[in-house]
Amino acid sequence: MTDEQLLAKAFHAEKNGIMSEKNKYTALLISKYIPLIKAKANCFRNRCVEADDLISEGFLGLLSAIRSYNPEKGSFSALASVCISNKMKSAVTKGSDTFLKMSLDESAIEEISDGNPNTEDLIILKEQNNEMLKQVDELLSEREREVFYLYLSAYSYNQIAEKLNISPKSVDNAITRAKAKLRNCFKNTEL
């Protein structure tokens, strides 16, 4: 059965109060999209958001597509793909923003010898991280900063270009300049 047929049967079963039938067709539809969700999770995965979290977000996106599908507006597979991607992008963006602004630098945590940072250690790490972010903000131009933070948030060059209304080549140039500046400033940090 096609996705649209499964949805029609699930909707019909729900309308007639046969929830077991609705759940059966919904489960069949969801099982068809598991490989797509896993593949997209692998594409969006970064050090800020784990694959399992992205898979969960993908399922939420799929459920949203199932709830909002209107056959007059196009195919279900297109809607599902967009909803899944959007939920994952949102999770990655939130995770990256949190990561950029969070108070703890992972490399600094490893330097704490007992593995149990106390409040004083956490305050020091927060100050160090805030100082590093301040240096990044001062070092990069406004355009480089915009592009670089979107790049760190797992946006593609084309997505950044579209979001900032510039060419992909300008995105590439800004990232190259930002990396060079940061590499010179933070020689011990991998970029």
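The values are calculated or read from the model by the stated rules, or taken from the named source; none is laboratory data. As the structure is a computational prediction, the values presented were derived from the model and not from experiment. Every residue, glycine among them, receives a Cβ derived from its backbone with ideal geometry; neighbour counts consider all protein chains shown. These area figures cover heavy atoms from the full protein model, side chains too; ligands, DNA and RNA do not enter into them. Shrake-Rupley method; radii C 1.70, N 1.55, O 1.52, S 1.80 Å.
A compact table of results
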{"quantity": "Checklist (1) among the aliphatic types (A, V, I, L, M); (2) at pLDDT 85 or above; (3) touching a Lys or Arg at 6+ places or on another chain (Cβ under 7 Å) applied to A78, failing item", "calculated": "(3)"}
{"quantity": "Single unsatisfied condition, Q135 versus (1) at pLDDT below 75; (2) not in a helix (DSSP H, G or I)", "calculated": "(2)"}
{"quantity": "Residues of the stretch 24-37 satisfying the condition of being surrounded by 14 or more Cβ atoms within 10 Å (Cβ to Cβ) and either in contact with a Leu (Cβ under 6 Å, 6 or more places away or on another chain) or within 24 Å of S85 (Cα to Cα) (or both)", "calculated": "Y25, T26, L28, L29, I30, K32, Y33, L36, I37"}
{"quantity": "Residue among A178, A174 that is more than 30 Å from G58 (Cβ to Cβ), of a type outside the set (K, R) and modelled with pLDDT of 85 or more", "calculated": "A174"}
{"quantity": "Every residue from the stretch 2-23 that is of a type in the set (A, V, I, L, M) and either buried (at least 18 other Cβ atoms within 10 Å of the Cβ) or under 19 Å from N70 (Cβ atoms) (or both)", "calculated": "L6, L7, A8, A10, A13"}
{"quantity": "I166, sole failed condition from (1) in contact with a Leu (Cβ under 7 Å, 6 or more places away or on another chain); (2) of a type in the set (A, V, I, L, M); (3) modelled with pLDDT of 75 or more", "calculated": "(1)"}
{"quantity": "Cβ-Cβ under 7 Å pairs, at least 6 apart or on other chains, the stretch 56-73 side touching a residue at least 12 places away in the same chain (Cβ under 8 Å) and at negative phi, far side open to solvent by 40 Å² or more (accessible area, probe 1.4 Å) and of a type in the set (D, E)", "calculated": "P71/E4"}
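Residue by residue, here is whether (1) within 30 Å of G61 (Cα to Cα); (2) among the acidic types (D, E); (3) at pLDDT 80 or above; (4) outside any helix (DSSP H, G or I) holds:
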residue: A91; (1), (2), (3), (4): yes, no, no, no
residue: K94; (1), (2), (3), (4): yes, no, no, no
residue: F99; (1), (2), (3), (4): yes, no, no, no
residue: L104; (1), (2), (3), (4): no, no, no, yes
residue: G115; (1), (2), (3), (4): no, no, no, yes
residue: I123; (1), (2), (3), (4): no, no, no, no
residue: E144; (1), (2), (3), (4): no, yes, yes, no
residue: V147; (1), (2), (3), (4): yes, no, yes, no
residue: I160; (1), (2), (3), (4): yes, no, yes, no
